[in-house]
1. Can you check what the net charge comes to around residue B:31, using other residues whose Cβ is under 9 Å from the Cβ of residue B:31 (Lys, Arg +1; Asp, Glu -1)?
2. For the rotation that superimposes chain B on chain A, which residue of B has the C-beta lying nearest to the axis, and at what distance in Å?
3. Choose one answer from B:112, B:83, B:124: the residue with the largest mean-square fluctuation in a GNM of chain B with alpha-carbon springs under 10 Å.
4. At 0.692 mPa s and 37 °C, plugging the Kirkwood radius over alpha-carbon pairs of the protein assembly as shown into Stokes-Einstein gives what diffusion coefficient in µm²/s?
5. Classify region A:58-140 from the C-alpha gyration tensor, please: rounded if a/c falls under 1.5, else prolate or oblate depending on whether a/b exceeds b/c.
6. To the nearest 500 deg cm²/dmol, what mean residue ellipticity at 222 nm is calculated for the protein assembly as shown from DSSP H runs of n ≥ 4 alone, each contributing -39,500 (n - 2.57), summed and divided by the residues?
7. Which entries of B:20/B:133; B:33/B:133; B:20/B:86; A:90/B:118 show an alpha-carbon separation above 26 angstrom in the structure shown?
8. Give the order of A:58, B:139 when sorted by the count of other beta carbons within 10 angstrom, beginning with the fewest.
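Where a number appears in this text, it was derived from the coordinates with a stated rule and is not lab data. Source: prediction; values computed, not measured. For neighbour counting, all protein chains shown are included, and Cβ atoms are generated from backbone atoms with ideal geometry for every residue, glycine included.
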Number of protein chains: 2
Amino acid sequence: MCYKTHYICNIFYYSMLSGKFAITIHILTLLNKFPNDYLSSEYIAGSINLNPVLVRKEIANLKAHHIVESKEGKNGGTKLAVDSSKLTLKEIFEMTFETINLGYAKNQPNPDCPVGKKINQNLDALYAEMNQKVSAQLEGISLDDFSNQF
Amino acid sequence: MCYKTHYICNIFYYSMLSGKFAITIHILTLLNKFPNDYLSSEYIAGSINLNPVLVRKEIANLKAHHIVESKEGKNGGTKLAVDSSKLTLKEIFEMTFETINLGYAKNQPNPDCPVGKKINQNLDALYAEMNQKVSAQLEGISLDDFSNQF
DNA sequence: TTATTTAGTAATAAAAAATGTTACAGTTTT
DNA sequence: AAAACTGTAACATTTTTTATTACTAAATAA
């Protein structure tokens, strides 16, 4: 559910951007509007109103999934590397590591209580079904569909 | 999406428990297992492995929705006040103020950008459809159904 | 009728998560 | 070379979530 932000002394620290999906789809929508240009993180950040470093982090994730390509140096930036009519929101959803659920209690429940012992398992089952429904919805929408609403 | 935790000088402060739904359903499942007893927040907290004060806060929310009733004083506690076969997970979902979504970017996007101007509106529409699907699923499951899995 | 156990809830503290900033090395173009 | 970028580490700040303490009021039981 996370991406690497940095590591110090061989220990990884992760940080999840809760707006990850929203930010990523915003980035992709912009890229799709200008399919021939390399857009800079500064420019994209100006539309999202977000720190450019955070934009570059999301772009790093997209690059890892080969959805975008970027060019360093002057006049560099990022552009789409895939056909936006074939990229579905489901894929974007999965790339941003989101999972639909209604949460879990933070601490491990009491294993000596019949309810505590099984609660997370039963919630998992409920949430899994939820994810299927949501995935089916998102699979039917392409980046291009989404982007054409603007 | 919240419940009142406290207020100071007429200003309300809210805090959302991210495990609110999970905690609430855990509480209700326990109550449904012992429909004739008043269970104490201490006992319930022991099953969830959570601070009793937080359990009482969720119970306060359930009381406000007339789902449970509680009794103060010695041998006091809380018990179900409704028929568990008629209470659906959708109602619990709504009582815990959850909304299914994939998040929003934190800051207000740039209104001068065509994408920034409409992004949240378009996300809203996407998320609204998601909520409908999830609600339909949750409406089909009663507390009793859920509770019988244990 | 007093001690005890419980809910209710305010206030505050602590922990965790999310977001923001600075800094700088490395690339590419002009 | 200078300038404009990406990439990413390190750290700072803010926000959210969870935990704790403390106390009042209510009900029961001894």
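1. Every neighbour counted, the sum reads +1.
2. Closest to the axis: B:133, 2.
3. B:112
4. Values: Rh = 21.5 Å.
Estimated diffusion coefficient is 153 µm²/s.
5. oblate
6. Working: 12 runs with 146 residues, N = 300.
Helix contribution divided over all residues of the protein assembly as shown: -15000 deg cm²/dmol.
7. Details: B:20/B:133 21 Å; B:33/B:133 29 Å; B:20/B:86 21 Å; A:90/B:118 21 Å.
Going by Cα-Cα distance, B:33/B:133 fall outside the 26 Å limit.
8. Least crowded to most crowded, the residues run B:139, A:58.
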